[in-house]
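Report on one structure; see the data block that follows.
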């Protein structure tokens, strides 16, 4: 056990906690007998307070042997395995996870608890579509859950943010692949309506996302770089790529060496970067390793340190397709009026909601993720944006949230998980889920 200030990826909030580590199921049971209330925490890649509490059980060492069932195209692994570790085993054998988020440094347990979605959500849906089964410690015993066995607990756990118990082991159905490379196309767009049209045209084409320069926004106009792609065929690879079409990436990542001064990221640097990134970008079609397309930010280790010791907030929301175009204009206007700066903005197209995962985030619409520095005025701005989002029928992603009110939550998430007094987080207490 260790004790001290703990935070997740955004370095906000920070909370003093006792952190217990478990390597196997019986250790989780022992901790539960001696601790009144706790929450599971994987690799700490959620952005808010979903895995923070006075007592935390780290699941990083819950790494039961990885099993690949090639006859049924299923993998079985401990909840503490990182997606990066899973992919290192899967890719050379011609397999991939059907759904991955923007980083591969999250645990399998965390992926299930957040019901992750990716750039291919419209076509593939969320992880809930591919979870076959899992073993869950519910505070008293270990329960094996699937769609037919303890199905209510199964679907409450997927997207349930750790409030139903601690996931110990997970089985997931897999995607077969022929290469580890993507055929990627990109284009520069300045018109919001045109950007949404392109998303709609390509929504069944695989993986797509757009980088947005929020500072360039004027009514109906904004600089954006739209990118879409899918797995390349062997015949599309160049000579070097063909020598090992299922290769794992070579680890040549730059690392931010320390927590930077709070003034490092500023409006002047943002303006120069956005201008250069948009105007120097050359629209093209090329073949790249899947790492470069699916996990671009993973190329810079510890990039969260750029935001300084105050940390940052990522505000990610989804608004239904029919309301998004009209709703996004006042949202962007509120940001401009506030003088708060968006340091990274990514837009994705989501497909229909999962019918059974009661607290899953995705609905049929557009999701926009916005990174803000933690400032004195940011909370007032985000409170105003909450109202605009919920009035448009939208909701906020719990895995990225650090400050939404219980009132806003109750307006957007109509169902919640069953109460289990053993498991609680700062998020669940703030939203009135306990």
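Some observations on this one:
- Residue count for segment 85-115 satisfying the condition of being farther than 14 Å from residue 73 by Cα, in a loop (DSSP other than H, G, I, E, B) and touching a residue at least 40 places away in the same chain (Cβ under 8 Å): 7.
- Meets criteria (out of contact with any helix residue (DSSP H, G or I) (no Cβ under 8 Å at 6 or more places or on another chain), closer than 30 Å to residue 132 by Cβ and buried (at least 17 other Cβ atoms within 10 Å of the Cβ)) for residue 348: no
- Flag for residue 178 being modelled with pLDDT of 95 or more, touching a helix residue (DSSP H, G or I) at 6+ places or on another chain (Cβ under 6 Å) and surrounded by fewer than 21 Cβ atoms within 10 Å (Cβ to Cβ): yes
- Yes/no for residue 269 being more than 20 Å from residue 251 (Cβ to Cβ), in contact (Cβ under 8 Å) with a residue 12 or more places away in the chain and in a helix (DSSP H, G or I): no
- Test set (1) farther than 26 Å from residue 432 by Cα; (2) surrounded by 20 or more Cβ atoms within 10 Å (Cβ to Cβ) - residue 133 fails condition number: (2)
- Evaluated against (1) outside any loop (DSSP other than H, G, I, E, B); (2) surrounded by 19 or more Cβ atoms within 10 Å (Cβ to Cβ); (3) without any contact (Cβ under 8 Å) to a residue 60 or more places away in the chain, residue 383 falls short on exactly one condition, (2).
- Failed condition for residue 337, given (1) surrounded by fewer than 17 Cβ atoms within 10 Å (Cβ to Cβ); (2) closer than 25 Å to residue 213 by Cβ; (3) in contact with a strand residue (DSSP E or B) (Cβ under 7 Å, 6 or more places away or on another chain): (3)
- Scanning segment 130-144 for residues that are part of a strand (DSSP E or B) and free of Cβ contacts under 8 Å to residues at least 24 places away in the same chain yields 143, 144.
The values are calculated or read from the model by the stated rules, or taken from the named source; none is laboratory data. All of these numbers come straight from a predicted model, not from anything done at the bench. Positions of Cβ are generated from backbone atoms using ideal geometry, with glycine treated the same way; all protein chains shown enter the neighbour counts.
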